[in-house]
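**Q** I'd like to ask you about the structure that follows.
Read-outs: derived from the displayed coordinates by stated rules, not from any lab. Not measured: the values here are computed from a predicted model. Here the Cβ positions follow ideal geometry from the backbone for every residue, glycine too, while neighbour counts run over all protein chains shown.
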Amino acid sequence: MQCTARVLIALGTLLAAQIVCAQGFPAKPVRMVTEFVAGSGGDALLRIVAAGMSTNLGQSVVIENRAGAGGVVAAEAVARSAPDGYTLFGATPNTQVIRVHLARSNPFDPVKDFTPITTLGEPTIVVVAHPAFAANNVKELVDLARRDPGKYSYATSGIGSTHHLSGEQLKMLTGINLVHVPYKALNDALRDVVSGTIPIAFNLSAPAAPMVKAGKLKVLAIVNPNRFASWPEVMTMGEQVPGFEQAPSWTGLLGPANLPAAVLRRIHDDTIKAMNDPEVKAKINAAGFNALGNTPEEFAALIKRQTDLVGRIVKSAGIQPTE
């Protein structure tokens, strides 16, 4: 009985401390730790959102760039921090989804060590080809690849990237044989498609757009689930390949595990409020991203669904751990 009483007292004390913490939140600046390098596109997105959050929270939201080890440095810093709402994670699928299947070991648990808050944004991803390429859409690409298995190759930003996973999912769903050519830089991949060195690339719309406008590239598909306003005539992958689901490419907001419910709700609501502001949304779009936003429960379900999806793609393609 005494043991039970002590446990109940301890639990009550912990709950009381969490309530006090939640009621006073935020009483100081909030850190948003991220793997993005300062000045990168993802960093720009987080700074736009953080500025809006600061206005709503009444405290500064400071971006802390901790690049290294494919996001592990930033993820570990957040996973080991106090669950008080003052340390958040500006995360990508690298740490929460892809490492589950492509890393031999993890210094953190991507599910148990974090609290999903909301998705923030994602870039528009496209499949582009040289203007002289015989296919004008992905349906025609599939027909070509079926007639000549292994003849055609596609460029991406590297093994295990969202672009690579999208290409391998296309192969998995259609049974075609395309040869993957990983690049270290997206611009190098685009350059080689323009020169005709490689026929196809999965890439971001922002760097591809000037080359499309100049007639140096053509767009075969939008990888995202919705059509792109700049090229409304271009079909999505899902429209052309039944069962296709976009590989993870979001930037999202998470906290350490066990965030008090009231703190989680405050951060979530003020983040969504910021992202729904027309000026903030316009800045997000101008930075090359689509504004997202969902509930913590929806975000957690998305991470689980995409973890399962990536697992199926990795198994089908035989992709080996990269570290």
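**Q** Scan around Met32 for amide H atoms under 5 Å from its own, H built in the peptide plane at 1.01 Å from N, and keep only partners 5 or more places away or cross-chain.
**A** Under 5 Å from the amide H of Met32: Val62, Ile63, Glu64, Leu88.
**Q** Then there's this: Need one number for the chain: average projected area of the convex hull over its C-alpha atoms, nm².
**A** 18.0 nm²
**Q** For segment 125-223, take every pair of Cα atoms, bin their distances at 10 Å starting from 0, and report each bin as a whole percent.
**A** The percentages, shortest bin first, are 18, 57, 25, 1.
**Q** Taking the Cα-to-Cβ direction at Ala134 and at Thr295 and moving 7 Å from each Cα, how far apart do the two end points lie in nm?
**A** 5.1 nm
**Q** For His180, what charge total do you get from the other residues with a beta carbon under 10 Å from its beta carbon, if Lys and Arg give +1 and Asp and Glu give -1?
**A** 0
**Q** What number comes out for the charge environment of Leu120, summing +1 per Lys or Arg and -1 per Asp or Glu over other residues with Cβ under 15 Å away?
**A** For residues surrounding Leu120, the net value is -3.
**Q** What spacing in nm lies between the two simple spin-label points modelled at Ala261 and Thr322, each 7 Å away from Cα in the Cβ direction?
**A** 3.9 nm
**Q** Shifting gears a bit: Which ³J(HN,Hα) values in Hz, rounded to whole numbers, follow from the phi angles of segment 256-265 under the Karplus curve 6.51 cos²θ - 1.76 cosθ + 1.60, where θ = phi - 60° and Gly and Pro get x?
**A** Using θ = phi - 60°, the values come out as x, 4, 6, 4, x, 4, 5, 5, 4, 5 Hz.
**Q** Could you sort the peptides 205-214, 40-49 by per-residue average Cβ neighbour count (10 Å cutoff), highest mean leading?
**A** Highest to lowest by the protection proxy: 40-49, 205-214.
**Q** Summing Lys, Arg as +1 and Asp, Glu as -1, what charge do residues with Cβ under 11 Å from the Cβ of Ala79 carry, Ala79 excluded? Don't skip to the end; give the middle numbers.
**A** On the way: positive: Arg80, Lys112; negative: Glu76, Asp109, Asp113.
Neighbourhood net charge equals -1.
**Q** Show me, bin by bin at 5 Å from 0, the whole-percent P(r) of segment 192-262 based on Cα pairs.
**A** For segment 192-262, the binned pair fractions read 3, 13, 20, 19, 14, 10, 5, 6, 5, 3, 2, 0 percent.
**Q** Could you go through segment 272-288 in sequence order and give the Karplus-derived ³J(HN,Hα) for each residue, using 6.51 cos²θ - 1.76 cosθ + 1.60 with θ = phi - 60°, rounded to whole Hz, and x for Gly and Pro?
**A** Computed from phi, the couplings for segment 272-288 are 4, 4, 5, 6, 7, 5, x, 5, 5, 4, 5, 5, 4, 5, 5, 7, x Hz.
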